[in-house]
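Values quoted throughout were computed directly from the atomic coordinates according to the rules given, and no laboratory measurement underlies them. What you are looking at is a predicted structure, and each value in this text was computed from that prediction instead of being measured. Every residue, glycine among them, receives a Cβ derived from its backbone with ideal geometry; neighbour counts consider all protein chains shown.
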Amino acid sequence: MDFAVQIGLRVAASAALAASGALAGRSMAGSQRRRAEALHQLAGAVDALAHAMLARRLPLGDALSDPGCAAFGQAGRLVSAGHAPEAAWRAAYAGLSARGGPLDALRAEDARALATLFQGLGVGGAQAQRALLDEAGRTLAQLGEAAQKARDEQGRLYTTLGALTGMAAAVMLL
């Protein structure tokens, strides 16, 4: 193979490596965005759950299945079928947090906040439920704000680092 063709192929491969590194970085940044969005939606779902349970006085399974609580719908169906709220959430969360699921970007601390909520649902009176739901809503909102901040700070960083890693690999190829 002639020298000019070899150089041309190496340059093309180098450009492809740099571009794929940048895309990998964007993917990491996308995970940060999905986490922030999911936490925002979950905080809203907790508010809707509080309204459904305490203002509308719906049974727990129906309140969880309420359209305003879409993230909790599967758990609501399981609670309505007789499962304990904590067990229903564990089963629902397994599917929701699987790769490609709506909650796949959540971290362990986010999952703990949700598990704490479902451990206390249906236990105690209206005041205890109000306190539980208020605390869960505050915690999820704080986690969402932190995720938003991390997304803003790290989003550009991941893309840049991915591109730089790709370029470094390209330099080694040349």
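Taking a sphere under 13 Å around the Cβ of Glu153 and counting the other residues whose Cβ falls inside, with K and R at +1 and D and E at -1, yields a net charge of +2. The Cα trace of segment 3-173 gives Rg and Dmax of 22.0, 80 Å, the first to one decimal, the second as a whole number. Among Met28, Met172, Met1, a tally of other beta-carbon atoms within 10 Å of each Cβ gives an order, fewest to most, of Met1, Met172, Met28. Using 0.36 nm per residue of separation minus the Cα-Cα distance, give me the extension gain between Ala87 and Thr160 in nm, one decimal. Going from the current span to full extension adds 22.1 nm.
Across the chain, the mean sequence separation of Cα contacts (distance under 8 Å, 6 or more residues apart), normalised by length, yields a relative contact order of 43 percent. In plain terms, the residue of Phe72, Phe3 with the fewest other Cβ atoms within 10 Å comes first and the most crowded comes last, giving Phe3, Phe72. How big, in percent, is the set of alpha carbon pairs in segment 78-169 lying more than 18 Å apart? So the pairs more than 18 Å apart make up 61 percent of the total in segment 78-169.
Placing a label point 7 Å from the Cα of Ser20 along the Cα-to-Cβ direction, the residues of segment 138-173 whose backbone N falls under 16 Å of that point are 162-173.
Can you tell me the length gained on complete extension of the stretch Asp62 to Phe3, counting 0.36 nm per residue apart and subtracting the Cα distance?
Details: separation 59, 0.36 × 59 = 21.24 nm, distance 7.15 nm.
Residue separation times 0.36 nm, minus the Cα-Cα distance, leaves 14.1 nm.
Give me the one-decimal nm value for the distance between modelled label points at Arg77 and Ala168, 7 Å along each residue's Cα-to-Cβ direction. My value for the distance between the label points is 4.7 nm.
So which trypsin sites (Lys or Arg not before Pro) in segment 1-55 pass both tests, a DSSP loop state and at most 12 other Cβ atoms within 10 Å of the Cβ?
Working: sites: Arg10, Arg26, Arg33, Arg34, Arg35; in loops: none.
When the trypsin sites (Lys or Arg not before Pro) of segment 1-55 are filtered for loop state and at most 12 Cβ neighbours within 10 Å, nothing remains.
The simple Förster model, with R0 at 25 Å and r as the Cβ-Cβ distance, assigns Val11 and Ser31 a FRET efficiency of 0.20. Put the Cα centre of segment 1-36 next to the Cα centre of segment 105-174 and the gap is 28 Å.
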